[in-house]
Each structure stands twice: as C-alpha cells, then as structure tokens.
1. Given all pairs of different Cα atoms, what value in angstroms does the Kirkwood hydrodynamic radius of the stretch 120-248 take?
2. What translational D, rounded to a whole number of µm²/s, comes out for the stretch 4-56 from Stokes-Einstein when the hydrodynamic radius is the Kirkwood one over Cα pairs, at 4 °C and 1.567 mPa s?
3. In percent, how large is the relative contact order of the stretch 262-351, given Cα pairs closer than 8 Å and 6 or more residues apart?
4. Have a look at the DSSP beta bridges in the chain and tell me what percent are antiparallel, nearest 5.
5. Filter the GluC sites (Glu not before Pro) in the stretch 280-379 down to the DSSP loop ones having no more than 15 other Cβ atoms within 10 Å, then list what survives.
6. Dividing the alpha-carbon radius of gyration of the stretch 326-383 by 2.2 N^0.38 Å (N being the number of residues), what value is obtained?
7. Normalise the Cα radius of gyration of the stretch 297-413 by 2.2 N^0.38 Å (N = residues in it) and let me know the number.
8. Over 18 Å between C-alpha atoms is what I'm after, so list which of Lys166/Lys287; Lys158/Lys209; Lys48/Lys642; Lys48/Lys209; Lys190/Lys287 land there.
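Readers should treat all values here as calculations from the given coordinates under stated rules, not as data from a laboratory. Here the structure is a predicted model, which is why all the values come from computation and not from measurement. Heads up, the Cβs are rebuilt from the backbone with ideal geometry, glycines too, and the neighbour counts pull from every protein chain shown.
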Amino acid sequence: MPTTTVRGACPHDCPDTCALITTVENGRAVRVQGNPAHAQTGGVLCAKVSRYAERTHHADRILTPLKRTGPKGSGQFAPVSWDEALTDIAQRLGAIAARDPQAILPYSYAGTMGLVQGESMDRRFFHRLGASLLGRTICSTAGGEALVHTLGGKLGMKVEFFAEAKLILIWGSNSIGSNLHFWRIAQQAKRDGARLVCIDPRRTETAEKCHEHLQLRPGTDAALALALMHELIAGDWLDHDYIDRHTLGWEQLRARALEWPPERAAEACGLDVEQIRRLARDYGQTKPAAIRLNYGVQRVHGGGNAVRAVACLPALTGAWRHRAGGLLLSSSGAFPVDRVALQRPELLAGRNPRTINMVTIGDDLLRETSPEFGPKIEALVVYNSNPVAVAPDSPKVVQGLAREDLFTVVLEHFQTDTADYADYILPATTQLEHWDVHLAYGHTDVLLNRPAIAPQGQARSNAQIFRDLAARMGFNEPCFADTDETLCRQAYGGVVDFQLLLDQGFAPLPWPEAPFAEGGFPTPSGRCEFFSQRLADQGLDPLPGHVPNHEVAGESALYPLAMISPPARNFLNSSFVNLQSLRDIEGRPLLEIHPEDAAARGIVAGALVRVFNDRGSYECHAALNGRARPGVVNGLGVWWRKLGHGGTNVNELTSQALTDMGAGPTFYDCRVQVQALATP
Ligand SMILES: Nc1nc2c(c(=O)[nH]1)N[C@H]1C(S)=C(S)[C@@H](COP(=O)(O)OP(=O)(O)OC[C@H]3O[C@@H](n4cnc5c(=O)[nH]c(N)nc54)[C@H](O)[C@@H]3O)O[C@H]1N2
Ligand SMILES: Nc1nc2c(c(=O)[nH]1)N[C@H]1C(S)=C(S)[C@@H](COP(=O)(O)OP(=O)(O)OC[C@H]3O[C@@H](n4cnc5c(=O)[nH]c(N)nc54)[C@H](O)[C@@H]3O)O[C@H]1N2
Ligand code: SF4
Ligand SMILES: [Mo]
C-alpha cells in the first residue's frame with residue numbers, strides 16, 4: 001500500500017487545538033505532525049501528541065469489549081462479543097429506566113473535545129432515555145460564568161495579536177506546558193520588545209522565562225487585581241472616556257478598589273509591595289497591554305470573583321481599543337455550534353431530569369434515594385473521562401464505584417483507573433480512527449478531523465456505540481441513524497464552509513480583530529459589567545471581591561501547607577500517563593516543596609513522602625527544585641493511581657467544595673501536611 005497523509009485535528013483538552021497531518025503506511029499511522037498550513041499550529045506539536053501514533057498502536061489498547069470476571073476494581077476482565085455486551089447493557093439499562101431513568105448517569109468530559117465524539121449521539125441517547133443530566137463543571141465553569149457576567153461571553157482577544165503587545169501578563173497559566181502555541185506568540189512579542197510578567201504561585205518553566213514573576217499565594221488573585229485598580233486610580237492611568245461609554249458600575253467598583261491599597265494586597269498575596277506597584281505602573285502606562293488569563297486562577301473558592309476582577313482591568317485602561325490589547329481566557333464562545341441539532345434536547349419530551357455535578361461524584365455515588373436527591377445512582381456510563389484519577393476526593397469516588405449494586409460501563413482506549421471498576425469496558429476509537437469536528441478555546445479556527453486509519457481491533461467510535469445502544473433499546477427516531485460524517489456537517493449548519501474544511505482541514509471564524517474596541521459587550525447592558533445585576537439577583541456580590549480560600553493554609557496547625565496540583569508538562573490531565581516514553585520524562589510522582597518547609601520536616605531531595613489531610617494520603621517524591629514558594633507545595637498531576645506509589649494520586653487530597661460561581665472544583669484550594677517516609 002502506498003504512503004498517504006491525512007489531515008486531522010488534535011482532540012485533546014488544550015487551548016491550542018492543533019491541525020494534524022498523519023502519515024499512514026500499510027494501514028498503520030507511522031507519524032503524527034503539525035500541519036504547517038495552519039498558522040496557529042505552525043507545523044509544530046507538543047511532545048505528547050507527537051507520540052500519538054505510539055498511543056494509538058499501543059500494546060495496551062483495548063481492542064474488544066470486556067466483561068468483568070473478578071471483584072469490582074480488581075481489573076479482571078474477559079473478552080466478549082459486541083453482541084453479548086450490547087444486549088446485556090441494553091437490558092440492564094432498560095430495567096433501571098423502567099423504574100426511574102434518572103437512576104442512570106452519563107459521566108463524560110473532554111478526553112476528546114470533538115463535537116461528534118464528545119457531545120452528539122451520546123446526548124441524544126441519554127436525552128431519549130431520560131437519564132440524569134451531568135453538570136460538566138470539572139474544569140472551567142467558575143471562570144466561564146465570571147466572563148459571562150463581565151464581558152458577556154467566553155470571548156476575548158484574537159490570540160495572534162498578542163504578538164504585537166508591549167506588555168503581556170501571563171496570569172494563572174504555564175503556557176510552555178499547557179498552551180505552547182501561545183508561548184510562541186509571546187516569544188515573538190518579546191523579541192519585538194514586549195515585557196512578559198507571570199503571575200503564578202509556582203515558579204513554572206514559563207515564570208522562569210518571563211521578565212518578572214509575581215509568586216503569589218494560591219487564591220489571592222482578586223486581591224492583586226483590586227490593588228492594581230487602586231494604583232490605576234491613584235496614578236490616574238484610566239481611560240475615562242472608555243469607562244464612561246462602555247462600562248457599568250464604575251463608581252461602585254472604584255469604591256471597592258480603594259479598599260485595596262497595595263500594602264493590604266501584599267499582605268494577602270504574600271508579595272512585595274513594590275512588585276505590585278511596579279506591575280500597576282507598567283500596566284497603566286504600557287500600550288498595548290494584553291492579559292493571557294488561564295483557568296489556573298479559578299480552581300479555588302473565589303475563582304469566579306478572581307476572573308471577574310482581572311477581566312475588569314482592560315476596560316479601566318481602555319486596552320480593548322487596540323487589537324493587541326485586552327484579555328483572553330477562552331475564545332470558545334465565538335463558535336456558533338448548533339448544539340440543539342447535535343444533542344436533540346427535544347428527545348427529553350417534556351421531562352426535566354435532575355443535574356448531577358460531576359465534581360461531587362464522590363459524594364453522589366454514595367447517596368441513597370431521598371426527596372432532595374432523587375433516586376440513588378444505579379448505573380454510570382463513563383466516556384471521555386477518567387474520574388477515579390481526575391475527580392476530587394478520590395477515596396470517595398473509589399468507594400462509590402466499588403458499590404456492588406452499581407452497574408458501570410466505561411468506553412475507553414485503555415484500562416484506566418476508572419475502567420478497573422467497570423462491569424463492561426467498550427473499546428473506543430482514537431482520533432486517528434474516526435470523524436470529528438472541533439472548536440477551539442485558544443484560537444478562532446474550526447478544525448475537521450478525518451479518519452486516517454481503520455478502527456483498531458473491534459473498536460467503535462463513541463457515536464457508533466451510542467447508535468448501537470439506541471438500536472438495542474428500540475429508539476427508532478431518525479436522528480439515531482445519522483452517521484458520524486453527517487454529525488460533522490450538522491455541528492455548524494451552514495455557518496462554516498464544510499467544503500473548505502474538507503479541502504484544507506481548517507476554516508477561520510469571522511471574528512473582529514479588536515472585538516470590544518467600541519464596547520459592544522454581549523452583556524444585558526451592552527457594557528463591560530463591573531456591577532452585575534445578574535449576580536445580585538442570585539444573591540451574590542455584584543462587584544468583584546476577594547473571596548478567601550475554603551482552606552486557608554497556616555490557619556490549621558494540623559495541615560499548615562497549601563497544596564496546588566497543576567498539570568505535569570508531559571501528561572494531559574490523566575491522558576498519556578501510560579505512555580512509557582512520556583512517563584520516563586516526568587520520572588515519578590512529585591511534590592515540589594520549599595527547602596525551608598522540607599528542612600522543618602527532615603525531608604531531603606528525592607525522599608519518599610506522605611502528603612495527607614483528613615480526606616486521604618498520597619505517596620510521592622519530594623522535589624526541592626526551586627519551584628515551590630514557602631508554605632505552598634505543588635503536587636504535579638494527574639498520575640494514574642496504579643502507576644504511582646501505593647495506588648494513590650494527588651486527588652486523594654483534594655476536596656469536593658465548590659467555587660463561588662459555576663459550581664466548579666477547587667483543586668488548588670487544599671490544605672495538607674507532609675511527612676518523610678524514607679530517604680532516597
Ligand atoms: N501539558 C498539558 N497541557 C494541558 C493540560 C495538561 O494537563 N497538560 N491541561 C489542559 C486543560 S484541561 C486545561 S483546562 C488547559 C488550561 O489549564 P490550566 O489549568 O490553566 O493550565 P496551566 O497552564 O497549567 O495553569 C495552571 C497554572 O495556574 C497556577 N495556579 C494554581 N493556582 C493558582 C492561583 O490561585 N492563582 C494563579 N495566578 N495561578 C495559579 C499553576 O501553578 C499553574 O502554573 O490546559 C490544557 N493543557
Ligand atoms: N488535582 C487535579 N485534578 C484535576 C486537574 C488539576 O489541575 N489538578 N485538572 C482538572 C481539569 S482542568 C480537567 S479538564 C479534568 C480532566 O479530566 P478528564 O476529562 O477525565 O481527562 P483525562 O484524564 O485526560 O481523561 C480522558 C479519558 O478519555 C479517554 N478518551 C480520549 N478520547 C476518547 C474517545 O474518543 N472515546 C472514549 N470513549 N474515550 C476517550 C482517554 O483515554 C482518557 O482516559 O481533570 C481535572 N482534574
Ligand atoms: S499543543 Fe495542545 S492542541 Fe497542540 S498537539 Fe499538543 S495537546 Fe494537541
Ligand atoms: Mo481542563
């Protein structure tokens with residue numbers, strides 16, 4: 001067979017959504033590379049997805065349906081036919097649905113961000129069934145709601161124009177690790193004279209390479225942003241005309257900001273007063289100034305308020321007037337996805353099922369039937385997610401999944417920590433084997449993914465599996481017959497040129513160069529809402545404020561250290577942990593700790609340590625690499641438990657407490673103690 005190349009899209013939960021070119025020889029993918037024709041990708045992929053062929057043809061791929069043969073969680077399975085698996089699953093789900101379909105819960109997130117394999121036929125299936133809905137909150141809802149209540153949507157600068165900025169604040173983001181193609185743009189700006197400032201409790205690879213690093217305490221970003229406003233007012237570095245014409249609630253915000261002199265913020269943030277003053281001066285006086293905000297700031301109690309406070313800054317200085325000024329957290333709101341066409345909510349037929357928050361799955365799997373909760377969860381269908389590894393408070397998640405009376409189906413590529421608890425594992429195709437169409441949250445191009453190789457073994461696409469299950473359940477609405485390629489076409493209706501997608505693999509959205517240069521915010525008032533009536537109506541603070549963490553470190557003698565758990569660079573959440581070549585780069589599960597905190601506990605570099613709190617205990621190795629600030633430890637995520645020490649990972653320690661907005665997780669709002677177990 002000749003060598004061919006096929007155009008695709010990276011499926012992963014990453015702002016960059018790269019355009020891929022897969023080289024195929026004899027039916028095997030031999031290479032996955034970046035498409036040089038796509039400007040954002042620029043022909044370059046990260047180390048992870050450069051290994052995508054290795055992942056796809058991995059010896060551990062699940063290639064047939066598997067049925068549990070041992071106790072729950074033992075990981076013992078035997079191959080069965082698709083026919084046997086589908087018949088049994090349909091029968092089990094049907095029996096539960098006959099009593100109350102809300103006892104069935106789908107559990108999925110962004111293992112693939114594809115609109116087809118992530119949010120189309122699956123939703124149709126569960127809507128038709130009347131299953132409980134899932135609140136897909138595990139990543140970005142606090143920041144997302146905050147943006148909606150401030151700017152009017154998940155919208156912001158066009159990422160390419162950061163190259164022209166003269167000051168870039170990289171706020172709550174390790175771009176080199178998790179937004180590599182943005183970092184290329186920031187480097188361009190730096191070469192052209194821009195100053196780069198990083199705001200992060202961890203001295204990341206990115207922080208090291210910026211001109212300045214503000215290493216604040218986790219969960220104190222709103223205090224810093226309010227102090228910046230204080231100084232913008234004091235120095236009168238305000239764009240009064242922009243404020244008058246395009247913002248709402250300036251007088252109230254002004255009063256709030258005046259409560260935050262830099263001295264007060266320095267105390268709260270654990271920063272030097274001069275550093276805050278200098279940043280305010282730079283931000284007030286440099287034009288154009290751009291903020292690359294990322295989701296790292298909003299995984300704490302006050303995450304929504306923090307994003308709101310930061311998102312107010314560009315309106316105060318009028319930074320939005322310039323295409324290289326303003327802010328970008330997410331661009332996903334610019335994509336006109338036709339979710340009604342894809343997901344068919346009308347299949348609910350007037351039913352209004354409850355919504356279960358995916359963050360609290362640990363508690364919710366352990367709840368009995370009650371009037372407040374509704375029916376006990378009897379069946380869980382997991383796809384595109386690995387909750388045992390990634391959901392907070394994993395001791396509870398595991399306890400729930402170990403229930404003998406819970407029926408669990410997992411659609412997967414690999415036998416993850418979650419798949420170990422399944423009754424059935426169904427083999428899913430990877431991105432190289434199926435059709436899909438994508439949005440992006442770090443740029444504004446639509447991407448198409450064509451299959452490059454045939455499904456491996458007996459794997460089927462998620463959409464195909466739900467189509468098959470629908471047929472077994474007797475769901476005969478015509479929408480269940482739509483093919484994956486048809487679903488790709490439905491995702492954007494006629495708004496995006498599908499032929500262009502077929503021809504070149506990507507298509508730009510029409511999105512203005514400077515979206516808020518003339519105001520025009522899609523909020524109820526049409527202005528940037530410093531004051532939000534919608535938040536007031538929910539009984540929340542209508543102005544951005546500093547909301548302290550749920551778990552303030554130093555306030556507990558038992559657990560005096562704050563822990564954050566940002567991603568390890570060579571893993572993507574828990575994906576890729578099972579690739580030996582990438583695991584070799586990461587080495588072993590690590591806890592970064594400041595030398596003073598280590599010395600106080602008799603911990604030396606490389607020592608095996610136990611990190612613990614009331615929720616659980618995590619074993620890993622101490623890293624004294626200069627990245628942790630005093631009082632804060634960094635437990636790099638997200639290892640598979642079974643590939644870590646003692647079957648643990650960092651989410652043994654994190655809590656199910658929620659954010660101020662969006663009912664999101666608080667992974668970086670966590671208190672722990674650390675103890676040496678053994679010296680290296
Ligand atoms: N290599 C890699 N890339 C990824 C991911 C991955 O796991 N690995 N994950 C992907 C996903 S799911 C997402 S959502 C995106 C974006 O995911 P993000 O979570 O935005 O990714 P990071 O860039 O690591 O940003 C987190 C940064 O925030 C810092 N941080 C923690 N707490 C605070 C705080 O209170 N304040 C401030 N200012 N900073 C804080 C952390 O130290 C870390 O450097 O990245 C995606 N890209
Ligand atoms: N402590 C801590 N925990 C965190 C975070 C953190 O920073 N710290 N980050 C959080 C964030 S931001 C996020 S987004 C979540 C992410 O959590 P998840 O969305 O669960 O992400 P992954 O761990 O990558 O798991 C995705 C799974 O989907 C599978 N998959 C991929 N493609 C397909 C497909 O086409 N079909 C099927 N059936 N399966 C597929 C992969 O094999 C993988 O096992 O984790 C969160 N958890
Ligand atoms: S940088 Fe992000 S989008 Fe690009 S290949 Fe890597 S994971 Fe995929
Ligand atoms: Mo995420």
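1. 17.8
2. 118
3. Relative contact order for the stretch 262-351 comes out at 26 percent.
4. Of all bridge pairs located within the chain, approximately 50 percent are antiparallel.
5. Sites meeting the loop and neighbour criteria: Glu368, Glu372.
6. The value comes to 1.62.
7. Here the answer is 1.50, to two decimals.
8. Going by Cα-Cα distance, Lys158/Lys209; Lys48/Lys642; Lys48/Lys209 fall outside the 18 Å limit.
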